[in-house]
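Throughout, read-outs are computed from the coordinates displayed, never taken from laboratory work. Quantities reported herein were computed from a predicted structural model and do not represent experimental measurements. Because the Cβ atoms are built from the backbone with ideal geometry, glycine has one as well, and the counts that use them run over all protein chains shown.
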Amino acid sequence: VSAPARFPLAVLPTPLVRAERLGRALGGPPVWVKRDDLTGFALAGNKARQLEPLVADALGRGRDTLVTGGGPRSNFCQAAAAAARVAGLGCELVMYGPEPPQPPPNLALARALGARVRFTGDPERDSVDPALDEVAAELRAGGRAPYVVPRGGATALAAAGYAAAAFELSAQLETEGVSPELVLVATGSGGTQAGLVAGAAAGGCRWRVVGASVSRPVEECAGRVLALGPAVDERAVDVRDARGPGYGTASAEGERAARLAAGTEGLLLDPVFTAKALALLPRLIEEGTGGPVVFWHTGGVPDALWEMSTKGGGGA
Ligand SMILES: Cc1ncc(COP(=O)(O)O)c(C=O)c1O
């Protein structure tokens, strides 16, 4: 995996911490947490790492505006808005559905960071995709130079940001003298898992990456991970269904996992990604996972707060 140019956003390395109380409560192997909720840039979590190569590429190509999209609760959208600011770029966002009457934190943050936001009016998530090209064409016609990024930042280039993160973890594990059996991570558009799998393979790491799919059926999600990861071996792509009632809706298991993480370690998990990922851990332990486990905390803090304030504490 060759390292692409990176526009520095994240404060790295993020901490790797032992979660003793959480591990004891789960009654399984030792649990470690990779704190990518602390990437140190705009509450962007994992999205800070993915934006570094994307922004470097946009600047390298002489583009002046990031164009991307997602839902009003999208972590990637607010992260892109912040990254654009730091890089001196404009930011145009397209969100699915109608404009919500009360803006969730990620939408409010994106606007506060100067992004222009439009809504497709269509609740289907993929209604964003053609609109990105339309916005780009409009910008080009006005003499601007757009850089279009698909929802979630799902490109092979962004995934490379996570291949580097696999090396970072590997060095930390060596320092701690820990050899984990698996690394558990929330998977949405697939780039994070793809990068981790590619980086782990390139670095000869013995740990397995397990992706908790929160938005797509397992086969579809595995296909995306395979397509996004440079030279990823199919056998290294392990995706489990963690959708619960569906993308964007909290699950009972996720709520339990979020309460446990908060109650044992003071960790804040969001209802859409990280809570559902941690909820897989008891199942993996039941399946016989005996070695240490690393839970890769990918962030989602703004949405965790939103869930708490709108549902009275369910999300964390
Ligand atoms: C908090 C959080 N965790 C995990 C993910 C999944 O990352 P990816 O889309 O690269 O699969 C996202 C993506 O939006 C996220 O916001």
Exercise. Straight-line reach from Lys47: which lysines have a Cα under 23 Å away, not including same-chain ones fewer than 8 places off?
Worked result: Lys34, Lys276
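Given contacts defined as C-alpha pairs under 8 Å and at least six residues apart, what's the relative contact order of the chain, whole-number percent?
Numbers: 723 pairs, mean separation 63.2, N = 316.
Computed value for the chain: 20 percent relative contact order.
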Problem set entry | the chain, helix-only ellipticity at 222 nm - DSSP H runs n ≥ 4, -39,500 (n - 2.57), divided by all residues, nearest 500 | -13500 deg cm²/dmol
For this session: Scan the chain and report its longest stretch carrying no GluC sites (Glu not before Pro) that are both in a DSSP loop and have at most 16 other Cβ atoms within 10 Å.
Result: 125-286
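What is the extension gain from Glu287 to Ala108, computed as 0.36 nm multiplied by their sequence separation minus the C-alpha to C-alpha distance, in nm to one decimal? Walk me through the numbers on the way to the answer.
On the way: separation 179, 0.36 × 179 = 64.44 nm, distance 4.16 nm.
Additional length available on full extension: 60.3 nm.
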Exercise. Asp233 versus Glu20, label points 7 Å from Cα toward the beta carbon: distance in nm?
Worked result: 3.7 nm
Problem set entry | Neighbour-count order for Cys221, Cys205, Cys77, Cys91, fewest beta carbons within 10 angstrom listed first | Cys205, Cys91, Cys221, Cys77
Exercise. Taking only Cα atoms, what is the 0 to 90° angle, nearest 10, from helix 191-202's long axis to the longest principal axis of the chain?
Worked result: 60 degrees
For this session: Over all alpha-carbon pairs of the chain, lay out the pair-distance distribution in 10 Å bins, whole %, shortest bin first.
Result: 7, 29, 37, 21, 6, 1
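Working out 0.36 nm times the residue gap between Glu99 and Ala5, then minus their Cα-Cα distance, what length gain in nm do you get to one decimal?
Numbers: separation 94, 0.36 × 94 = 33.84 nm, distance 3.59 nm.
Extra length available between Glu99 and Ala5 comes to 30.3 nm.
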